[in-house]
Every structure is written in C-alpha cells, then in structure tokens.
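The values are calculated or read from the model by the stated rules, or taken from the named source; none is laboratory data. Every value quoted in this text rests on a predicted model; they were computed, and no experiment measured them. Quick reminder, even Gly has a Cβ in these numbers, built from the backbone with ideal geometry, and neighbours come from all protein chains shown.
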Amino acid sequence: MIDQTQSCGAPEARQPVCIIVLAHNEEERIGACLASLPCGEPGYAVHVVVNGTTDRTAAIARETPGVIVHDWEQGGKSRSWNRIMFDTPAMQGRAYVFVDGDAVVLPGSIEIMVDALALRGTNAASAMPANGRQASTYQRSIVAEHGMFGDLYALSGSFVERMRAGGVRLPEDLIGDDSLVGALAKTDLQHEDHWDDERVVPCPGARFLCDPVTLSASGLKMQYARMRNYSLRHFQNRIVSAIMRSTGPAGLPPQMASLYEEYLPLLKPRLDPRYWWFDRQALARMQALAAALPRSRQSGAAKAA
C-alpha cells in the first residue's frame with residue numbers, strides 16, 4: 001500500500017532530491033530517523049520503504065507529515081531497492097539518497113552529498129559513521145578506498161537513469177546493497193577494467209548515527225544474526241567480483257543462489273577465529289539454498305554468468 005502524499009515524478013523544472021529510507025522492523029528507530037530528514041521541505045521527497053515488517057514501522061512512518069510510505073509484504077533489502085528504483089514509475093529525481101531506517105542523519109549531510117554529486121564524473125557520494133567503537137577506522141577506510149556505507153549514501157540522477165536504461169538490477173537475495181552499488185558506480189556500469197575510485201566521492205562532512213550494539217540479550221542476538229549475514233555477504237561479494245571481472249554487470253543473476261552450486265567448491269571458511277564459525281554456517285546455508293533450487297535454474301544462471 002502506498003500513501004501518495006507527494007511524488008518524485010511531478011512535472012517540475014527542477015526535479016527533487018529523492019530520499020529513500022529502507023526499513024525492516026524499525027519501530028524503535030524510524031521516528032528518530034525521519035526526524036533527521038527534510039520531510040515535507042521544498043526540493044525533497046522522502047519515501048519510506050517498509051519491507052517484510054511485522055511491527056509498527058509503517059504506522060509510525062505514516063504519522064510523519066510529508067512522507068510517502070510504501071508498505072510491502074515481501075522483505076529483502078536488495079529486492080526492495082530494485083522495486084522502489086526500477087518498478088515505481090513516480091520515482092524520478094535529480095539525486096537519490098539512501099538511508100537505513102535505523103540511522104539518524106546529522107544536519108547538512110544530505111546537502112553535502114548532493115553537492116558532491118555535481119562534480120564532473122561523479123556517480124555516487126558516501127557518508128561516514130559518527131558513532132560506534134570503530135567509527136574512526138571506518139571513516140579512514142571510506143576516505144582511503146572511496147568506499148560506501150549502506151546506512152547513508154547518494155547516487156546521481158544520471159547514473160540511476162543509465163542503470164534503468166541498461167537493465168542493471170541487484171540480485172534480489174543479495175545481502176546489502178552498498179558493495180555492489182559502489183562497484184557499479186566505480187566501473188561506470190562496465191567491466192571491472194573500467195574501475196575508477198574517483199567516481200565515488202567520500203564526504204567526511206556527511207555523517208550519520210547508527211544503532212549501536214548493546215550488551216543485552218536482544219543486542220547480542222541481533223549481533224549474532226548480523227555476523228551470520230556478514231559471512232554470507234563475504235561469499236556473495238566474492239562471486240560478484242568474479243562476475244564483474246568476467247562478463248561485467250550483464251552477468252549479474254536475478255538471484256545469487258542460482259550460482260551457489262557452481263561456486264561453492266571454490267569457497268572455504270576464513271581461518272580468522274572471528275569469522276570461521278560464521279563462515280561455516282554461511283556455506284551450509286548456501287548449500288541448502290542451492291539444493292532447494294530447480295536444477296534448470298542453476299544451470300541456466302551458470303551459463304549466463
């Protein structure tokens with residue numbers, strides 16, 4: 001269900017900056033997130049994409065004036081990313097800012113990223129975490145590697161239009177969107193040979209507050225689930241890297257699981273004790289997902305890749 005209180009597709013001489021908030025079971029944080037955004041302000045259109053949620057996230061978002069709420073039963077961040085960016089006709093903007101539903105955006109951050117997108121040859125702009133034990137480490141890494149943090153980043157309107165024209169979509173079961181979107185931005189939607197870090201601009205002045213892990217039963221449970229997903233993401237990224245080095249974006253499958261059978265013999269748990277156990281669980285999960293797919297879909301995807 002969509003609350004159409006305003007639209008990015010309205011015919012205007014100057015298209016708005018579209019802010020997309022991706023939220024899954026974020027009833028405790030979505031209010032603070034939206035309070036940090038320019039909801040209802042001229043020149044902006046804020047969309048909240050509630051996906052696979054069982055709590056009051058959508059209801060809380062609807063209470064915020066100037067917000068468009070997309071309440072979708074099917075979950076998955078990358079699936080929802082595709083749906084809002086490629087399958088929602090009204091989604092047209094001069095820039096697109098992506099925010100996780102548990103992040104609080106610090107003042108001025110959106111303007112800094114949008115200004116960075118105006119630099120010639122820039123496809124994306126990335127923000128920095130402002131809290132957490134490893135915030136300074138992440139900040140240095142983002143600046144040095146022109147990296148992107150999924151909690152807050154921006155894409156230029158022209159880059160998104162070229163993604164749409166080329167039919168470049170994220171695999172629906174991809175864990176996280178930032179790594180692949182960053183790679184697509186740096187290669188300019190081409191083969192990895194075209195990689196150029198300068199196409200992603202780190203913005204030290206653009207910052208956000210993320211939801212810290214607490215030393216509680218619920219906090220530790222959440223961190224355990226995150227570590228499992230991080231390991232699956234690690235192996236997915238290895239497969240994506242192989243695709244970008246071979247066929248480029250055209251070889252990205254609709255679902256990563258369709259390639260698991262082909263790549264599993266090449267993947268091993270990392271020896272680092274921080275990741276070894278979670279890597280083993282991720283590989284077992286990949287094996288089960290591969291076995292659940294019809295053989296025809298696996299072989300077809302392998303040929304396409």
Scan Ser36, Ser80 and give me the residue that is of a type outside the set (A, V, I, L, M), buried (at least 21 other Cβ atoms within 10 Å of the Cβ) and either within 30 Å of Leu119 (Cβ to Cβ) or touching a Lys or Arg at 6+ places or on another chain (Cβ under 6 Å) (or both). Ser80
Which residues, counting only those in the range 151-177, are surrounded by fewer than 19 Cβ atoms within 10 Å (Cβ to Cβ), without any contact (Cβ under 8 Å) to a residue 60 or more places away in the chain and not polar (S, T, N, Q)? Glu161, Arg162, Ala165, Gly167
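If I filter the range 160-197 down to residues being polar (S, T, N, Q) and under 24 Å from His234 (Cβ atoms), which single residue comes out as nearest to the chain's Cα centre (by Cα)? Quick ask: steps written out before the conclusion?
Restricting attention to the range 160-197, the residues satisfying the condition of being polar (S, T, N, Q) are 179, 187, 190.
Checking the rest, the ones that are also under 24 Å from His234 (Cβ atoms) come to 179, 187.
On the way: Ser179: 8, Thr187: 17 Å.
So, considering only residues that are polar (S, T, N, Q) and under 24 Å from His234 (Cβ atoms), the one nearest to the chain's Cα centre (by Cα) is Ser179.
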Residue hits (the range 252-279; under 30 Å from Gly166 (Cα atoms), in contact (Cβ under 8 Å) with a residue 40 or more places away in the chain and not polar (S, T, N, Q)) are Leu252, Pro253, Pro254, Met256, Ala257, Leu259, Glu261, Glu262
Between a residue in the range 196-222 that is over 24 Å from Leu34 (Cα atoms) and any residue that is modelled with pLDDT under 70, which pairs come within a Cβ distance under 8 Å, given they are 6 or more apart or on different chains? Leu220/Val213
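Considering only the range 119-138, state which residues are small (Gly, Ala, Ser) and in contact (Cβ under 8 Å) with a residue 12 or more places away in the chain.
Pass one, the range 119-138, residues small (Gly, Ala, Ser): 121, 124-127, 130, 132, 135-136.
Result: Gly121, Ala124, Ala125, Ser126, Ala127, Ala130, Gly132.
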Return a yes/no flag: does the range 88-98 have any residue that is closer than 26 Å to Val240 by Cβ, among the small types (Gly, Ala, Ser) and out of contact with any Cys (no Cβ under 6 Å at 6 or more places or on another chain). yes
Given the criteria buried (at least 21 other Cβ atoms within 10 Å of the Cβ) and farther than 30 Å from Val143 by Cα, does Val69 qualify? yes
Test result for Pro253, surrounded by 15 or more Cβ atoms within 10 Å (Cβ to Cβ), outside any helix (DSSP H, G or I) and touching a helix residue (DSSP H, G or I) at 6+ places or on another chain (Cβ under 8 Å): yes
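Filter the range 1-33 down to residues that are charged (D, E, K, R), farther than 16 Å from Asp71 by Cα and surrounded by fewer than 16 Cβ atoms within 10 Å (Cβ to Cβ) and give me whichever is modelled with the lowest pLDDT.
Looking at the filtered set, the residue picked out is Glu12.
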From Ala116, Ala125, residue being under 24 Å from Gly167 (Cα atoms) and either assigned to a helix (DSSP H, G or I) or in the same structural domain as Asp188 (by TED's automatic domain parsing) (or both): Ala125
